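Asker: Below is a structure I'd like to ask you about.
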Amino acid sequence: MSSSQGEKGGLSEAAPNDITQGLFDSPSQTAATSKTPEEQVSPVFDEASPSSTSSFEMLDTESVPAPYREVQPHWFFCFRVDDNTSWLPFSREDSDKLETAFQTGRDKEDDVVVAVDGERYDVRVKERKRYAVYWEQGPTEVRRCTWFYKGDKDTKFMPYPEDFSKSLEEAYMIAVTLDEWKRKLDFPNGETVILHNPKLIMQYQPLGLQDDWVSSPSEQTRPRTVKRGAESISVEIPDGEPEEVDHLVFMVHGIGPACDLRFRSIIQCVNDFRNASLSLLASHYKRAQDDGQVGRVEFLPVNWHSALHGDATGVDEDIQRITLPSISRLRHFTNDTLLDLFFYNSPTYCQTIVDTVASEINRLHTLFKQRHAEFNGAVSVVGHSLGSLILFDLLTNQRNGSQARKGVPSGEPSLYSNTLEQTLTRLGLQQYVDMLKGENLDMESLSLCQDSDLKDLGIPLGPRKKILNYIKRKWLPEKAAEYQSQDSQVPLHATSDGNPDSSGLTSQQSHFHRAQSVTSPVDYEYFDVGIGQVSIDYPQLAFYPQTFFAFGSPIGMFLTVRGLKHIDPNYSFPTCKSFYNIYHPYDPVAYRIEPMIVSEVDLEPMLIPHHKGRKRMHLELKDSLTRMSMDLKNNVLGSLRTAWMSFARLPTAALEEGEPTNETNPQESEGVFAEAESSVSAEQREQPEIKVGMLNGGRRIDFVLQEKPIESFNEYLFAIQSHLCYWESEDTALLLLKEIYDKQGVAFEQPQQ
């Protein structure tokens, strides 16, 4: 059989129909021994030629055959990647559900729909198709599989079509019942299956279907192995997922359509991350799962790249018209991937990206709640690379309750401190600081100035408009919210009982506020975390995220480029109170956040523990060498101290006469070496726990993965891979699970190695 036929499941689709209609219409036909007319197929049973069975005589069995038992089917689905086709089994739970629906729905006219794979897919049983629920994906074929084959060059068993499997099962049943083996089963296309014995069944191809270049008789007659039942083949049937969902996580991708070095989509990468989390739940939360405390965490992908590069925007066609024809592959990669960074800087396409991410998250959240009506857990968000920056900007501009201004919570600090120097520096007008200070102006008095007042001070028209626009659109609304917070003694975004406050503004502050709208315009030129030139409207999420996880994030770099040098330690996202910045030490795109909050202390990032409960061996060796060097340094200092003390105690008369010597006070020498030793011991001590702002509730923000031993040999060689490693990182997945379940009061247990 040709390679193309093997990829499609073995035999042609026409063969099973002919066999079913011609060979097995009645049981009497199965025992026929005479030839039928040419337009009919060969008899099902015939004596196998000696040459075709001689090599298998040793495998024949003499024992009494076991009684016939009906084969147990298992359901598989087709998985295609590029030109490769494979068949993957459903979990036992999903396969049993499909089989039950198949048996009970035979007499029904309407198709039966079964939710599988954690309800992320729906299978239409009669149609034999599997449809994705949450994302766009073409339907895939589903089979009720009972018979399988594998050629010499195949690595896995492939299922036969259902009709063909039914024909094989009927022939097998007759052979077992009559105890007649060494018979062959012929097919209309010339292929033959020989049933040597219950454990040895082979399929042979006719010479006409062989490849032209095959000339060796041994190659022409090379058979395929045929197996009955999924339990007889080496296939790993996955474990079913717990039905109860404890937590929902949305994962936003970065630039480009591919998320790893294998050029896989966000859907496939999130599938890997979900599988890693399920495996870790089974190993690190086994007792909690057995006690019913833990279900599972659902991860859903958020795809914005296809919307940006789709027909709706037409941006790809516009870019293609101006793209040079040379080095076409490199230019295509640039257009499809790297340009996403520039698109996010564009006011038009930035709005498209942000709207797509928010609407897709809200759509997925609504759909998930419809399919999991009993779900009452929290929701978190994950952003990789540029996706983390998109989420950061989106979360910064969320509105908590009835805030007067979305993006900066009323009564709470913003990313910037509102001093005159910082404000003018942010606006690029630092040259006027001394002039305004000379007039004893601060931000409050500056807000009372009019255009004519600034003109009298000699400030040109352009800077005047910048200052007045900033005061009107930003400073006054923030001060009004601050005054209201002080008057009410309760933050504007919440009442004393924690419920959103729907009360209006007082009369003395009403003139400071614009009318509230569903979305709040953000002026990039003056907004705290602006990036471009004009304003966009940030949409609201339908929920308050519990935690924001950033993978390989450039947030710190973008904030610095935007002119932000320091993040107020009291600042936190309006609707999200936890933030983790997770990165690989060799990731070229990742930047830290903590130095922007705590600049006076040089904090090392938190080392993410290995999921097996220890440091990697090469890191332990490095720490051991460091400790050895510190011990050696202490020993040397101790020896020098002893020698110096002995020298200092020598009597003066024992010294040779000559120039007068300066005697050393033993107490002073002791103090010198004690100070040196204390400095060394201070280096050995771990740094005390420091509160790092409120972005993560006072806890640490920067978390670094442990590099693999092979990566430590050449960090440049693994730089790109380091930026794409998070999807398959068990250490990263375990950190997320610990953060999620710690908030639920469920502690993980380190499995015994």
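The values are calculated or read from the model by the stated rules, or taken from the named source; none is laboratory data. The shown structure was predicted, so the numbers you read here are calculated from the model rather than taken from an experiment. Cβ sites come from the backbone with ideal geometry, for glycine too, and all protein chains shown count toward neighbours. Accessible surface areas use protein heavy atoms only, side chains included; no ligands, DNA or RNA. Shrake-Rupley method; radii C 1.70, N 1.55, O 1.52, S 1.80 Å.
Asker: What is the extension gain from Glu93 to Glu109, computed as 0.36 nm multiplied by their sequence separation minus the C-alpha to C-alpha distance, in nm to one decimal?
Answerer: So the extension gain works out to 3.3 nm.
Asker: Next question, about the same structure. For the pair Phe543/Gln721, report the inter-label distance in nm, with labels modelled 7 Å from Cα in the Cβ direction.
Answerer: That separation, rounded to one decimal, is 3.6 nm.
Asker: If I take R0 = 30 Å and measure r between the Cβ atoms of Tyr68 and Glu243 in this structure, what FRET efficiency does the formula 1/(1 + (r/R0)^6) give, to the nearest 0.05?
Answerer: That pair, Tyr68 with Glu243, gives E of 0.25.
Asker: Residues of the range 556-570 with the amide nitrogen closer than 13 Å to a label point 7 Å from the Cα of Lys691, along Cα-to-Cβ, please.
Answerer: Only 569-570 pass the distance filter.
Asker: Using label points projected 7 Å from each Cα along Cα→Cβ, tell me how many nm separate Lys743 and Val601, to one decimal.
Answerer: 2.4 nm
Asker: Here is a follow-up. What is the gain in length, in nm to one decimal, between Glu231 and Tyr131 on full extension, counting 0.36 nm per residue of separation less the C-alpha to C-alpha distance?
Answerer: 33.3 nm
Asker: If you don't mind, there's one more thing I want to ask. Not counting ligands, DNA or RNA, and with a 1.4 Å probe, what is Leu261's accessible surface area in Å² rounded to the nearest 10?
Answerer: 100 Å²
Asker: Taking 27 Å as the cut-off for C-alpha to C-alpha distance, list the pairs among Lys129/Lys199; Lys437/Lys565; Lys97/Lys286; Lys153/Lys708; Lys97/Lys199 that go past it. Before the final figure, lay out each step's value.
Answerer: Working: Lys129/Lys199 32 Å; Lys437/Lys565 22 Å; Lys97/Lys286 25 Å; Lys153/Lys708 34 Å; Lys97/Lys199 29 Å.
Exceeds cut-off: Lys129/Lys199; Lys153/Lys708; Lys97/Lys199.
Asker: For an R0 of 60 angstrom, estimate the FRET efficiency from the Cβ-Cβ distance between Ser86 and Lys465 and round to the nearest 0.05. Don't jump to the answer; show the numbers that get you there.
Answerer: On the way: r = 64 Å, r/R0 = 1.06.
Calculated value: 0.40.
Asker: With labels modelled as points extended 7 Å from the Cα through the Cβ direction, what inter-label distance (nm, one decimal) is found for Thr323 paired with Leu457?
Answerer: Each label point is offset 7 Å from its Cα along the Cβ direction, giving 5.1 nm.
Asker: Are there GluC sites (Glu not before Pro) in the range 99-191 that DSSP marks as loop and that have at most 14 other Cβ atoms within 10 Å, and which are they?
Answerer: Numbers: sites: Glu99, Glu109, Glu119, Glu127, Glu136, Glu141, Glu162, Glu169, Glu170, Glu180, Glu191; in loops: Glu109, Glu119, Glu127, Glu136, Glu180, Glu191.
Sparse-neighbourhood loop GluC sites (Glu not before Pro): Glu109, Glu127, Glu136, Glu180.
Asker: Okay, next question. Given the options Val354, Thr334, His384, identify the residue whose Cα lies farthest towards the positive end of the charge dipole of the range 286-388 (+1 on Cβ of Lys, Arg; -1 on Cβ of Asp, Glu).
Answerer: So the residue furthest toward the plus end is His384.
Asker: Can you give the FRET efficiency to the nearest 0.05 for Lys156 and His332, using r as the Cβ-Cβ distance and R₀ = 45 Å?
Answerer: For R0 = 45 Å, the calculated efficiency reads 0.85.
Asker: Could you list the trypsin sites (Lys or Arg not before Pro) in the range 252-354 that lie in coil according to DSSP, counting only those with at most 14 other Cβ atoms within 10 Å of their Cβ?
Answerer: Hits after loop and neighbour filter: Arg262.
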